[in-house]
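Visitor: Here you go, one structure.
Read the figures in this text as sums done on the coordinates, not as results from a lab. Owing to the predicted nature of the structure, the values given are computational and were not obtained by experimental measurement. Cβ: placed from backbone, ideal geometry, glycine included. Neighbour counts: every protein chain shown.
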Amino acid sequence: MDDEIEQHAIHGDKVSCCVCHSQAYVNCYSCHVGLDDKDLAYFKNEEEEELFRIGRNPDPTEERPEKWIVVRRVPVAKETFEFYGKELLPRFDRANNWKYTSPHNIQRITTQNRECDNCHGNEELFLTADKVQPEVRRANQSVVVPREMIPEKQNRDKPDTEKQPRSYFSAVGVGAETVFVKAVQVAEWIESKEQKLQIIDCRMEEKSYQNGHVPGGYLF
């Protein structure tokens, strides 16, 4: 971790990297398994949804010391194996079914790390008790986040540039802040040569680049 980055230094080993750099991922519910009419094994989920949940680390280790982690719901249900027999999971509610996860969708910039209060004080992101099925709330006590533990909002003053609609085109180091500008303005800066800018255009195909790009942009 690069401690020269302010947010890395602030959060240190208190927050898993995925909490800031992951995105919504698929969670499955109530998985059932069995055999079809050809005796081939199958499974089906009653529900799937994309969501993002932050939970408490129930078992901190030297490798994973963070207090806050990203969790995913294990889709096993009490009736998952009922095709093969009844009451095959008699101690189902003794193990937590919200587990540590590291989704394969890491990005540098995500919704929750654009601004402090996108995460701080945002109850929707945290695994509170009401988001856990009643029959397994006790088993998930070490993972569930009590509302009073959710980090408070920072209420930091936002620069005026942050209040404007953002585009995918960003200019780094213009003035003292990182600001978001329109493609037309980027083109004007390149033409005027007042800003020392180089635009790198990342495309899978050159044809797409030729069909339209920011004037002065280089195909990567």
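Visitor: With θ set to phi - 60°, apply the Karplus curve 6.51 cos²θ - 1.76 cosθ + 1.60 along the range 10-26 and write out the HN-Hα couplings as whole Hz, x wherever there is a Gly or Pro.
Guide: 5, 8, x, 9, 8, 10, 5, 3, 5, 4, 9, 10, 9, 9, 4, 9, 6
Visitor: Distance in nm between label sites at Ala95 and Ser30, each 7 Å beyond Cα in the beta-carbon direction?
Guide: Simple spin-label model gives 2.2 nm for this pair.
Visitor: Whole-Hz ³J(HN,Hα) for each residue in the range 113-122, computed from phi via Karplus 6.51 cos²θ - 1.76 cosθ + 1.60 with θ = phi - 60°, x for glycine and proline: what do you get?
Guide: Values per residue, Gly and Pro as x: 9, 5, 9, 4, 7, 5, 10, 4, x, 8 Hz.
Visitor: Now for a separate question. Enumerate the amide H contacts of Asn122 below 5 Å, restricted to partners 5 or more residues apart or on another chain; note that Pro and chain-start residues carry no placed amide H.
Guide: Correct list: empty.
Visitor: Related question: Under 16 Å Cα to Cα from Lys153, which aspartates and glutamates show up? Leave out anything in the same chain fewer than 8 places away.
Guide: Hits, sequence-local ones excluded: Glu115, Asp117, Glu123, Glu124.
Visitor: What length, rounded to one decimal in nm, is gained on full extension from Ile106 through to Gln198, with 0.36 nm per residue of separation minus their alpha-carbon distance? Could the numbers behind the result be given before it?
Guide: Working: separation 92, 0.36 × 92 = 33.12 nm, distance 2.59 nm.
Taking Ile106 through Gln198 to full extension adds about 30.5 nm, to one decimal.
Visitor: Continuing with this model, one more query. Could you list which residues have their amide H under 5 Å from that of Val76, counting only those 5 or more apart in sequence or on another chain, with H placed in the peptide plane?
Guide: Result for Val76 returns Cys31.
Visitor: Between Glu49 and Lys153, what FRET efficiency comes out of the Förster formula 1/(1 + (r/R0)^6) with R0 = 30 Å and r the beta carbon distance, rounded to 0.05? Don't skip to the end; give the middle numbers.
Guide: Working: r = 27 Å, r/R0 = 0.89.
It comes to 0.70.
Visitor: A further question follows. Which order do peptides 136-148, 82-94 fall in by mean Cβ count within 10 Å, highest first?
Guide: Working: 136-148: 15.9, 82-94: 11.4.
The densest-packed peptide leads the list: 136-148, 82-94.
Visitor: If amide hydrogens are placed 1.01 Å from N in the peptide plane, which non-local residues have theirs closer than 5 Å to the one on Gly217?
Guide: Correct list: empty.
Visitor: Residue by residue through the range 79-93, what is 3J(HN,Hα) from phi via Karplus (6.51 cos²θ - 1.76 cosθ + 1.60, θ = phi - 60°)? Round to whole Hz and write x for glycine and proline.
Guide: Computed from phi, the couplings for the range 79-93 are 9, 3, 9, 5, 4, 9, x, 8, 6, 7, 10, x, 10, 3, 8 Hz.
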